[in-house]
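The values are calculated or read from the model by the stated rules, or taken from the named source; none is laboratory data. As the structure is a prediction and not an experimental result, all values here were calculated from the model. Positions of Cβ are generated from backbone atoms using ideal geometry, with glycine treated the same way; all protein chains shown enter the neighbour counts. These area figures cover heavy atoms from the full protein model, side chains too; ligands, DNA and RNA do not enter into them. Shrake-Rupley method; radii C 1.70, N 1.55, O 1.52, S 1.80 Å.
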Amino acid sequence: MRQPAIRCLIEGAVLIGLGALILVLIPSQIHDIPGMETNTSPSFLPALLAVLIILMGAGLILQGFFSSRRDGPPDLSRVVVFRVGLSVVLLILYTVVFPRLGFVVASGVFVGIYAYLFGSRSILKIAISMVAVPIGIWLFFEILFRIPLPHGILY
Amino acid sequence: MFEHLLPAAQLFFTFQNLFVVAAGLFIGITIGAIPGLNVPMTVALLLPITFYMSPVAGISLLLGVYKGGTYGGSISAILINTPGAPAAAATCLEGYPMAKQGKAGKALRAAIYGSVIGEFISDVVLISIAAQIAMVALKFGPTEKFSLVVFALCTIGVVSSEHKLKGITAALFGIFFRTIGADPISGSSRFTLGIFDLIGGIPFLPHLIGLFAVSEFFVQIEKKISAGKQDVIAPVSKNPEDNRVTWKEFKANIVTIIRSTLIGIGVGALPGSGSAISAFVSYGAAKNTSKNPEEYGKGSLEGVFAAETGNNAVTGGALIPLLTLGIPGDAITAIMLGVFLVHGLIPGPDLFVKSGDIIYAVFIGLIVANILHFFIASLGLRLFIKLLSVSRAVLFPIVIIICVAGSYTVNSNIFDVYVMIFFGVLGYIMKKFNFPVAPLMMGYILGGLLETSLIQTLILSDGSVLPVFTRPISLVFVVLTVFFILWSLFIQKKALARRRRREEQRRRNLPS
């Protein structure tokens, strides 16, 4: 007998888990209106979606057993996880910082950090980006379109 | 109609009108290409200016922005996999892989040709048979709308990935994300997890920017640049064939262009739908009828033609219900309604009789805008391609800062930036595990219409879903949905068999 595709089995199981999670969350997260028909109540569509997601998960598991198709594992090497993880953390940090510091100053600092992370080692290029990018975006949004950006304590 | 043409031409052909159309196109293309700035917002910003213009100039300015903006979204979609507008999301699927192969020039030119031809035909249809189309569109009740949405979602779910189940699952999650917030019927809150900002639902633009642009940012940051390695966004081919659409290629895509135009006009004429639906339905139809479906997802020129023609053909179609019935087809035409009303033009059947010369002057403006669109977009092409030569280390930090600014400025709310990051991470994980992101976005866009039309259908039929199968227009969409799914499975099976045969042949030809 052919070996089942492990990746399909895992993905299918995760989908079933997510569908079940939606079903579990429905009673606490949706307050149905008394007297409303079941099929017009606020929980009708989410419940239907959860069931369909579970069915899709089951379909993926079946596909894992019967399909000849085999996808390789995704690239989750330590370097990839570190680089992506670091950039997510930096992005969250930037989001926390820019309303407090001000868009122009915070963006300048983060443009520099990201340029370095992307491999730029030219100090001149990084410095120009750090100054030109935030000022350019500020001019475009605030001056041209009069859409305010947070000024924070430094601007 | 003909009695209005001469006075209309005299009314339109002034320096001021020609200038405002060109200015509108330029503004539209620029705004469309920048994620975070959208066409409805720009039209709303320009609206007060139009009050001081003549009705023809004011309407022409906004139509220029509308047309330019619908096309402009494709520029960033092709070059950096970031749709400037939701309508350009389908263009990403083929345009970006083409840019990665050094064929950005070809993809951008295809986008210009598709957009201009789609607009032109749809404008001609608007001018000649607007009223008849509007009457058919009026027959669309909730049941028909529900079937249309199911058809659109199944199409995109099935065609956007080789993994059909994953595509449909992504669409289901998209609908689920739309259910977060207040229920459209009862107003009861759903899945808000006690977060006040979620009561109004997940904001659209941060969701879109996160799913496409931020997830791509994470994909790009995976790659470490070695010292001395050229790290441009994508190579630009020196071969002139890769930077233009040959006559042979254009001829091979004429059927796709015409089919996508008809889809665009039809979808545009339906109030409440929009160019994103049209682009995806056109893309799905092109893939399912393609002679080379295996090229899709890897940079298919046909796919770019289909998506771009489909989304721009909506511009003429969306004006049909606005002008003939006074019902706006989408958000932009809804804002435009204001210009008509301010100038004392009441959209409806009487409009053509009472203000025929003004309306036909606007129609002439539409045709002139198409010609100008072609030249302005072609002139900007070289400049856009230059963007690819910029270092990744310079461009992607700029892109992420624009994404943050774009998400923040929608509601001046920092919560929207967190939503963008969440969907960026989700999009990245989906890409890692071969779940297509486009159906998720489509599910989100269409989820609201799907839910309201489903519940209205159920209320009207005492809880029965039978009308979906008994009403003729609805039945047509149901049959088309089943046909699309079966047909795409058949096509995929054929492509798989062809690939296996080729591999076997290659193995046989290898010296043992």
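Given a 1.4 Å probe and the protein chains as shown, residue B:410 ends up with an accessible area of around 70 Å². Highest mean first, the peptides B:391-404, B:63-76, A:50-63 sorted by other C-beta atoms within 10 Å per residue fall in the order B:63-76, B:391-404, A:50-63.
Placing R0 at 41 angstrom, the Cβ-Cβ distance between residue B:9 and residue B:255 gives a FRET efficiency of 0.75 after rounding to 0.05. Shape summary: the stretch A:84-146 maps onto an equivalent ellipsoid whose semi-axes, from the alpha-carbon gyration tensor, are 21, 16, 8 Å in decreasing order. A cut-off of 5 Å between modelled amide H atoms, ignoring neighbours fewer than 5 places along the same chain, links residue B:390 with B:233. Averaging 1/r over every pair of different alpha carbons in the stretch B:1-86 and inverting the result gives a Kirkwood radius of 13.4 Å.
For a Förster distance of 51 Å, can you work out the FRET efficiency between the beta-carbons of residue B:495 and residue A:32, rounded to the nearest 0.05?
Taking R0 as 51 Å, the efficiency between residue B:495 and residue A:32 is 0.65.
Over the residues of chain B, compute the C-alpha Rg and express it relative to 2.2 N^0.38 Å.
0.97
A simple spin-label model places pseudo-atoms 7 Å from Cα toward Cβ; at residue A:122 and residue A:146 they are separated by 3.9 nm.
Shielding of peptide A:34-41 by partners, expressed as the average count of other chain Cβ atoms within 10 Å per residue Cβ, is 4. Three semi-axes describe the equivalent ellipsoid of chain A; taken as square roots of 5 times the Cα gyration tensor eigenvalues and ordered largest first, they are 45, 29, 12 Å. Overall, the accessible surface of the stretch A:23-151 at a probe of 1.4 angstrom is composed of carbon and sulfur to the extent of 75 percent. Packing, taken as the mean count of other beta carbons within 10 Å per residue, orders the peptides A:16-27, B:367-378 from highest to lowest as B:367-378, A:16-27. Here's how it looks for residue B:190: its modeled amide H is under 5 Å from those of B:181, B:182, B:183, which are all 5 or more places away or on a different chain.
Within the stretch B:447-512, the proportion of C-alpha pairs whose separation exceeds 13 Å stands at 75%. Between the alpha-carbon centres of the stretch B:42-61 and the stretch B:295-374 there is a gap of 15 Å.
Could you tell me how far the Cα centroid of the stretch B:445-512 sits from the Cα centroid of the stretch B:398-428, in Å? Value for the Cα centre distance between the two parts: 33 Å. Counts of other chain beta carbons within 10 angstrom of each beta carbon in peptide A:5-14 average 2.
Find the percent of Cα-Cα distances in the stretch A:42-101 that exceed 16 Å, and round it to a whole number.
71 percent
Per-residue ellipticity at 222 nm, computed for chain B from helices alone with -39500 (n - 2.57) per DSSP H run of at least four residues, works out to -24500 deg cm²/dmol.
Calculate what fraction, in whole %, of the accessible area of the stretch B:236-383 sits on carbon and sulfur atoms when a 1.4 Å probe is rolled over the protein chains. Accessible surface attributable to carbon and sulfur in the stretch B:236-383 totals 67 percent. Grab the beta carbon distance between residue A:100 and residue A:76, set R0 = 41 Å, and tell me the FRET efficiency rounded to 0.05. Once the sixth-power term is evaluated, E becomes 0.75. Please report the buried accessible area for the interface of B with A, total over both chains, probe 1.4 Å, in Å² to the nearest 100. What B and A bury together is about 5800 Å². Put simply, the C-alpha atoms of the protein assembly as shown give a gyration tensor, and the ellipsoid matching it has half-axes of 36, 32, 28 Å, longest first. Which residues among the stretch A:100-138 fall inside the zone where the amide N is under 12 Å from a point 7 Å beyond the Cα of residue B:414, along Cα→Cβ? Inside the label zone: A:100-103. Taking a ≥ b ≥ c as the square roots of the Cα gyration tensor eigenvalues, with a/c under 1.5 meaning rounded and otherwise prolate when a/b beats b/c, else oblate, which class fits the stretch B:368-479? Note, shape of the stretch B:368-479 comes out prolate. Shape summary of the stretch B:36-132, radius of gyration then Dmax from alpha carbon positions: 15.7, 48 Å. For chain B, averaging the sequence separation of C-alpha pairs within contact (under 8 Å, six or more residues apart) and dividing by the residue count gives a relative contact order of 27 percent. Would you be so kind as to list the residues of the stretch A:60-99 that have their accessible area lowered by at least 50 Å² in the full protein complex compared with their chain by itself (1.4 Å probe)? In the stretch A:60-99, residues shielded by partner chains: A:69, A:83, A:84, A:91, A:95. Peptide A:110-123 has a mean shielding of 5, counted as Cβ atoms of other protein chains within 10 Å of each residue's Cβ.
Projected label points at residue B:196 and residue B:504, each 7 Å from Cα along the beta carbon direction, are separated by 6.7 nanometres.
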